[in-house]
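Enquirer: Got a structure here, written out as structure tokens. Questions coming.
The values are calculated or read from the model by the stated rules, or taken from the named source; none is laboratory data. Given the structure is predicted, the values throughout are model-derived calculations rather than measurements. Ideal geometry is used to build each Cβ from the backbone, glycine not excepted, and the neighbour counts take in all protein chains shown.
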Amino acid sequence: MSTQIAVRLSDSLVVALDRVVACGRARSRASLVEAALERELRRLAAEADAETLRGVGPGDDLDAVVRWTAANASVDE
């Protein structure tokens, strides 16, 4: 399921989106924007995780979770 929303972008960003789509590196403007947002959300989550790990320090019980995530995480585009 998806929800359509209106997003205002600068003219230069729209031109850049159109260039990427025109050369076949993305299916559509929407797919490129969606991929970029997903990447940013993953980055923010990783940043929050890193902050948590900084607060917990070494030798915690999260090491196994971090190793599993690093070995099993995949990026779907």
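A quick yes/no check of all residues on (1) assigned to a helix (DSSP H, G or I); (2) free of Cβ contacts under 8 Å to residues at least 24 places away in the same chain:
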position	(1), (2)
Ser2	no, yes
Ile5	no, yes
Leu17	yes, yes
Val33	yes, no
Glu40	yes, yes
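Enquirer: Another question, if that's okay. Which residue out of Ala6, Ala64, Ala16, Ala48 is small (Gly, Ala, Ser) and at pLDDT below 90?
Expert: Ala64
Enquirer: Among the residues of region 47-67, is there at least one that is among the hydroxyl-bearing types (Ser, Thr, Tyr) and either surrounded by 10 or more Cβ atoms within 10 Å (Cβ to Cβ) or in contact with a helix residue (DSSP H, G or I) (Cβ under 6 Å, 6 or more places away or on another chain) (or both)? First the steps, then the outcome.
Expert: The initial filter retains those residues of region 47-67 that are among the hydroxyl-bearing types (Ser, Thr, Tyr), namely 52.
When the remaining residues are screened for being either surrounded by 10 or more Cβ atoms within 10 Å (Cβ to Cβ) or in contact with a helix residue (DSSP H, G or I) (Cβ under 6 Å, 6 or more places away or on another chain) (or both), the result is 52.
Yes, there is a match, as at least one residue in region 47-67 is among the hydroxyl-bearing types (Ser, Thr, Tyr) and either surrounded by 10 or more Cβ atoms within 10 Å (Cβ to Cβ) or in contact with a helix residue (DSSP H, G or I) (Cβ under 6 Å, 6 or more places away or on another chain) (or both).
Enquirer: Still on this structure, please answer the following. Test Leu53 against the stated conditions and say whether it is modelled with pLDDT under 85, out of contact with any Asp or Glu (no Cβ under 6 Å at 6 or more places or on another chain) and not in a loop (DSSP other than H, G, I, E, B). Outline the logic, then answer.
Expert: Working: modelled with pLDDT under 85: yes; out of contact with any Asp or Glu (no Cβ under 6 Å at 6 or more places or on another chain): yes; not in a loop (DSSP other than H, G, I, E, B): yes.
For Leu53, the condition - modelled with pLDDT under 85, out of contact with any Asp or Glu (no Cβ under 6 Å at 6 or more places or on another chain) and not in a loop (DSSP other than H, G, I, E, B) - is met.
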